[in-house]
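The values are calculated or read from the model by the stated rules, or taken from the named source; none is laboratory data. Every value quoted in this text rests on a predicted model; they were computed, and no experiment measured them. Because the Cβ atoms are built from the backbone with ideal geometry, glycine has one as well, and the counts that use them run over all protein chains shown.
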Amino acid sequence: MSSPPPGHSQSSASHSSPNYAQAADEWVDDDDMDFEDEDGTEYATGDEIYFAGSDGLEETDYYDADESLGPIAIDFETTDDDDEDGETATDAPSDSNENEEESETSQAETARPQAQGRTIALTQQQILQLLGNTGLRGLFANVVGQRGALAADDDDDYEDDSYLGWHAMGRRARRPKREGSGYPKVPSEAGKKLMESGNFGTTERPRGTFGRKRKLAYRNMMRELGLGGFGAQKNANRLISQHMIPSTQADSIINYNHRCYSGQFSDDGNFFFSCAQDFKVRMYDTSNPYKWKYYKTAHYYGGQWTITDATLSPDNRFLAYSSIRSAVCLSPTDPENTMDPTILDFADMGQARRTGRGWGHFGIWSLRYSGDGREIVAGTSDESVYVYDIETRQSILRIHGHRDDVNAVCYGDKTSPHILYSGSDDTTLKVWDRRSMGDGREAGAFVGHTEGITYIDSKGDGRYVLSNAKDQTMKLWDLRMMMSTERFDKIDPEQYTTGFDYRFAPYDEEEYESHPHDCSLVTFRGHKVLKTLIRCHFSPPGSTDGRYVYSGSHDGSVYIWNMDATLAGKIDVLEATRNSRPERDERYVDRWEHSGGRSQWSTIVRDAAWHPTAPVIAATSWNGWDHGLGTCTVHTWNDDNESDEAEPKMGARLNPQLEQDSRYYEAAANRATSTRRSRFVTRAQMARNDEEAEE
């Protein structure tokens, strides 16, 4: 998930460059890693940027000016405005040794009256100060390409990227935008047809003399009275459930001392797990979705940077979870079972490993159990997809089918292990049919994203799949519309990407250019996919009738869309969690921003899970003044009320074991006196707090 520096041979959004053998404490953020080129090249920082020799440019010797020289005279000519005086300023006549074309132009200009100018004397130091105030990096960004070569065409327009400073140097220059190459229009016509087809929820038909749609309260009344036939009641139940979108106000806020990376419900809704950066997976009993119970905690010993993903077996008996290593931990979910997790080595290819043809070590970004619980598929940092057989304890298939990290994998059908999907930083989503892989080729590909894919989710029907990407779009795909292998071979995906590095700079949507070979069905927009691999999902058929798709976002919200790409709802997790912890709880919080103002609480929603049978969404997030903390917020449908009569009261602040903690309510009071406390809390102290809480 880290990226090479600008000009690296791989995409700048790749995260395969770090050495996975290094110690965990040497890692920086997996989605915000410092980079160092593999060839040892050091990149200039600050005002140390310089121009290196480029191919096709003549070598020039430069000499320092004689120290005895005095001030350098620079002429600044000022002219009257054309509109006011009707006169036009002239340029100075050209020297005789200039080329003929420039001489003719200069002679033509000298025919006009010459304006009066004035001379200002500046020393060398003053000139350097003048350039320094402007910002050398900002100036160089206008004339330097991705690899530091001078721009060949001075007429190219670089103004749109200049405000990005040195970040603009890390993006490839685009060709002129094609006409009509912007974002698709909203609402989507294809999405409307899907909503009317019945595959994604129920569409209410206007009834009555005036063709008015019935309100939610009226449908509830009719259901309670038992009026209407069986078909009408069934349809009413679906309409009721799909309109119950959870609210921003959180029922409870589960606080973690480390970033929370992901969390999901089991298929039956009785189980929930959350993965945090402290290499722990917390498990909860959610058979009553409105009153959770703490289950147990599983550990990943020797992990690197964080737990990247986890997947639950179909029978809820085992939980597999990964880190940036080739080993996967398999832990029983039974709280009475305190045994250490079983280690599954995905690098073990059986005979290939024993004969020295194994694939070594790599990091795992994504995991999924098969529908029958016999296999686990993984997406890895070595540009591959692995299929692991749990019974034989070895990988039975390796598909090296991408040009960059495989950030997400899933099975296409819950009832069959044959169809696999894989999404990569190379911008492609590929389809693999294990029944016809004699040549090791994909069955087809989905093309349409212009930046790396962060996550994919299958509807489980063998037809529809959803993807999130760094081009700030989420796309819906239909297996029947995938691109054939023959056609895909004629396309170079790198031709249509800028290699946007989502860890540092915001995405410039004005520069977005749609993919000319886009075969997606619907494109969803509005959320922000920055800093980390943000996830997206289909809403469950039980609690929502499969009506929506939803995603986390860098701006601290959960976005929920109708299938026609219109926004159906938004859960503001940032607002729900704002200042929900004392500032002293953050490990590396800096009380003052570089601008001199107070630092602000911020939230990134990395994942969200919709309960399969109840209108409940659990959002897992990074929080704090430096995104060093984590939360899992539980949001329910309450008709936008800020409080209710149930216990515990809404907004309860809990520790990972779901116990009330009075410290979390000190946040408001501590804001006033926090500057008198220590600026930092060490990682060791936070770890001790975790251990004491779990004991």
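For the reader, a short list of remarks on this structure follows.
- Count of the stretch 430-447 residues, restricted to those that are in a strand (DSSP E or B), closer than 20 Å to residue 416 by Cα and touching a residue at least 40 places away in the same chain (Cβ under 8 Å), is 4.
- Within the stretch 388-420, the set of residues being under 13 Å from residue 362 (Cβ atoms) and surrounded by fewer than 22 Cβ atoms within 10 Å (Cβ to Cβ) comprises 398, 400.
- If you go through the stretch 465-502 and pick out every residue that is of a type in the set (A, V, I, L, M) and either at positive phi or part of a helix (DSSP H, G or I) (or both), you end up with 2.
- Checking residue 462 against (1) touching a residue at least 24 places away in the same chain (Cβ under 8 Å); (2) at negative phi; (3) surrounded by fewer than 22 Cβ atoms within 10 Å (Cβ to Cβ); (4) not aromatic (Phe, Trp, Tyr), the condition it does not meet: (2)
- Some residue of the stretch 565-572 being surrounded by 19 or more Cβ atoms within 10 Å (Cβ to Cβ), not in a strand (DSSP E or B) and not small (Gly, Ala, Ser): no
- Residue check for residue 322: of a type in the set (S, T, N, Q), part of a strand (DSSP E or B), free of Cβ contacts under 8 Å to residues at least 60 places away in the same chain and more than 24 Å from residue 276 (Cβ to Cβ): no
- Considering 542, 546, the condition of being part of a loop (DSSP other than H, G, I, E, B) and of a type outside the set (Lys, Arg) is satisfied by 546 alone.
- For the residues 501, 545, the requirement of being at pLDDT below 95 and surrounded by 22 or more Cβ atoms within 10 Å (Cβ to Cβ) singles out 501.
- The selection criterion, being more than 28 Å from residue 627 (Cβ to Cβ) and either out of contact with any strand residue (DSSP E or B) (no Cβ under 6 Å at 6 or more places or on another chain) or in contact (Cβ under 8 Å) with a residue 60 or more places away in the chain (or both), does not hold for residue 457.
- Some residue of the stretch 248-255 being over 28 Å from residue 312 (Cα atoms) and modelled with pLDDT under 65: no
- Residue ID - nearest to the chain's Cα centre (by Cα), chosen from residues in the stretch 520-532 that are closer than 25 Å to residue 190 by Cβ and crowded, with 19+ Cβ neighbours inside 10 Å: 529
- Sole exception among (1) surrounded by fewer than 19 Cβ atoms within 10 Å (Cβ to Cβ); (2) of a type outside the set (Lys, Arg); (3) under 22 Å from the mean Cα position of the chain (by Cα) for residue 262, by number: (1)
Let's see how each residue does on (1) part of a strand (DSSP E or B); (2) in contact with a helix residue (DSSP H, G or I) (Cβ under 6 Å, 6 or more places away or on another chain); (3) within 23 Å of residue 305 (Cα to Cα):
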| position | (1), (2), (3) |
| --- | --- |
| 372 | no, no, no |
| 376 | yes, no, yes |
| 382 | no, no, yes |
| 391 | no, no, no |
| 403 | no, no, no |
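- Single residue of the stretch 301-317 satisfying the filter (more than 17 Å from residue 258 (Cβ to Cβ) and not in a loop (DSSP other than H, G, I, E, B)) that is farthest from the chain's Cα centre (by Cα): 312
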